[in-house]
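*Asks:* Just dropping this structure here.
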Amino acid sequence: MSINLKSIEDALELMLGQARAVADLESVPLAQALGRVTAEPVVSGLNVPAWDNSAMDGYALNTNDLQETETRLPISQRIPAGSAAKPLAAGTAARIFTGAPTPEGADAVVMQEVCEEREGQVLVGANPPPGANIRRLGEDIRQGQEIIPAGARLRPQHLGLTASVGVAQLTLRRRLRVAIFSTGDELVEPGTPLEAGQIYNSNRYTLHGLLQAAGCEVVDLGQVPDTFTSTCSSLKQAAHKADLILTSGGVSVGEEDHVKPAVEKLGRLDIWKVAVRPGKPVAFGEVDGALFLGAPGNPVSVFVAFCVFARPLIRKLQGIQEPDTIGAMHLRADFERPKSSVRRDFARARLTPGDDGSLHLQLYPNPSSGVLSSVTWSDGLAVIPEGRTVTRGEMVEFWPFSELLR
């Protein structure tokens, strides 16, 4: 590997080592907590279920009253969900419904499908064992139990679980503020007629969408003119408003690439050039107390840089403590890469059914980092390590977008 290229592992270690979770906390209503990060554990103040209850519609009874052959028991009470149960009279059964409390004295519920009700009595067609079809007090959650740890990013199932123990407000970390801007005098906004040499600013919307999906608050500074003064001004503004600055373009060595020297003037640059393809000129540093991550301007490079570097950095800054698993798979290649590279390649790949019935990987035919359509065509990224060639049929690591972008 070239001495000027930092390995991905070393780059990530340095980035994550400088990341500190946002310290500001907020009390947030449960209905607004989706995608937020818990600042403290969620602890249940009650048992779930709060009482023994029926797992189905049927008849609550005491198994000591069952006969070896046919059992007929008078129905002494009816217990719908949401009502209180009286103690079960000896030698009787109670008509009961799913979720209703089982009466004192009953030790089983027999499902209604194997029973027949006649003239106030129930004919029991199958003898249940003691405990059958009863959900016991606290069998799901015990009072005082931690149900969600600190540092969890809340998914819909977390909200339901929290509601099940009666918690209406959660103490969460403030949303991470990420400032974005794009560099390039050639960039114009969608909806504006293109003039000679102009292109639409796709990176702005790619980054905006990626950050929203990651649960961030986006501070959008738009497009910055290709001047050193304008770049410095935008970096200062971004550092004042955000925890992280994420830019696209301007980090290479061209005469119109001003981001790198501007960061070096205003703060410090710790990383420049990483052994990754696409996106070698990835820059990382700090400006006025805000961390800075700069990606190249090519649209696929921006996307890959976010998946490989920005995503784990953002998780650390958000205070997420859950393991950062990306659901990597190992699948057979329906392609060949006869030449090795000193950089780790994140190639756009689609899942295709192979002749053996398993999923295989097919690469987008044009590897250019400017072909943004390849990202929508793909299902994820095929990871080809440094110094490795690939022959058809070999096993290759695959990162699905369904895991990377959630």
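None of the figures in this text is laboratory data; all of them are computed from the coordinates on show. Everything numeric in this text was worked out from a predicted model, so none of it was measured. All Cβ positions, glycine included, derive from the backbone under ideal geometry; neighbour counts span all protein chains shown.
*Asks:* Would you please name the trypsin sites (Lys or Arg not before Pro) within region 1-102 that are DSSP coil residues with at most 13 other C-beta atoms within 10 Å of their C-beta?
*Replies:* Arg20
*Asks:* Same structure, new question: Over all directions, how big on average is the projection of the convex hull of the alpha-carbon atoms in region 53-135, in square nanometres?
*Replies:* 4.4
*Asks:* Under the rule that an exposed site lies in a DSSP loop and has at most 11 other Cβ atoms within 10 Å, name the longest stretch of the chain with no GluC sites (Glu not before Pro) of that kind, not counting the sites themselves.
*Replies:* Between the exposed loop sites, the longest stretch runs 256-406.
*Asks:* Report the gain in length on full extension from Ile75 to Ala50: 0.36 nm times residue separation, minus Cα-Cα distance, nm rounded to one decimal.
*Replies:* 6.5 nm
*Asks:* Further question on the same structure: What nm distance separates the two modelled labels at Gln198 and Ala89, each placed 7 Å from Cα along Cα→Cβ?
*Replies:* About 8.7 nm separates the two model spin labels.
*Asks:* Averaging over every viewing direction, what projected area does the convex hull of the Cα atoms of the chain cover, in nm²? Intermediate results must be reported in sequence, preceding the final value.
*Replies:* Numbers: hull surface 113.4 nm².
Averaged projected hull area, Cα only: 28.4 nm².
*Asks:* Can you figure out the FRET efficiency of Asp356 with Asp324, using R₀ = 41 Å and their beta-carbon distance, to the nearest 0.05?
*Replies:* My answer for the efficiency is 0.80.
*Asks:* May I pose another question? How about region 279-346: which trypsin sites (Lys or Arg not before Pro) there lie in a loop by DSSP and see at most 12 other Cβ atoms within 10 Å?
*Replies:* For trypsin sites (Lys or Arg not before Pro) across region 279-346 that sit outside H, G, I, E and B with at most 12 neighbouring Cβ atoms in 10 Å, the list reads Lys339.
*Asks:* Just report the Cα centroid separation between region 82-111 and region 273-314, whole Å.
*Replies:* What the calculation gives is 63 Å, centre to centre.
*Asks:* Using only helices, what value at 222 nm comes out for the chain when you add -39,500 (n - 2.57) per DSSP H run of length 4 or more and divide by the total residues, to the nearest 500 deg cm²/dmol?
*Replies:* -5500 deg cm²/dmol
*Asks:* So, one more: How large is ³J(HN,Hα) for each residue in region 102-116, as worked out from phi by the Karplus curve 6.51 cos²θ - 1.76 cosθ + 1.60 (θ = phi - 60°), to whole Hz, x for Gly and Pro?
*Replies:* Working through the residues one at a time gives 6, x, 4, x, 8, 10, 6, 10, 9, 5, 5, 5, 10, 10, 9 Hz.
*Asks:* Under 22 Å from the Cα of Lys260, which lysines turn up, not counting those fewer than eight places away in the same chain?
*Replies:* In chain and number order, the partners are Lys6, Lys236, Lys241, Lys273, Lys280.
*Asks:* If amide hydrogens are placed 1.01 Å from N in the peptide plane, which non-local residues have theirs closer than 5 Å to the one on Glu117?
*Replies:* Leu123
*Asks:* Further, regarding this structure: State the Cα centre-to-centre distance between region 156-204 and region 333-360 in whole Å.
*Replies:* What the calculation gives is 31 Å, centre to centre.
*Asks:* Nearest-5 percent of antiparallel DSSP beta bridges in region 257-406?
*Replies:* Counting only bridges with both partners in region 257-406, antiparallel ones make up about 90 percent.
*Asks:* Between Glu403 and Val114, how many nm apart are label points set 7 Å from Cα along the C-beta direction?
*Replies:* Placing both labels 7 Å along Cα→Cβ, they lie 4.3 nm apart.
*Asks:* For region 329-400, rounded, prolate or oblate, judged on the Cα gyration tensor with a ≥ b ≥ c (square roots of eigenvalues), a/c < 1.5 rounded, else prolate if a/b > b/c?
*Replies:* Oblate, since a/c reaches 1.5 and b/c is not below a/b.
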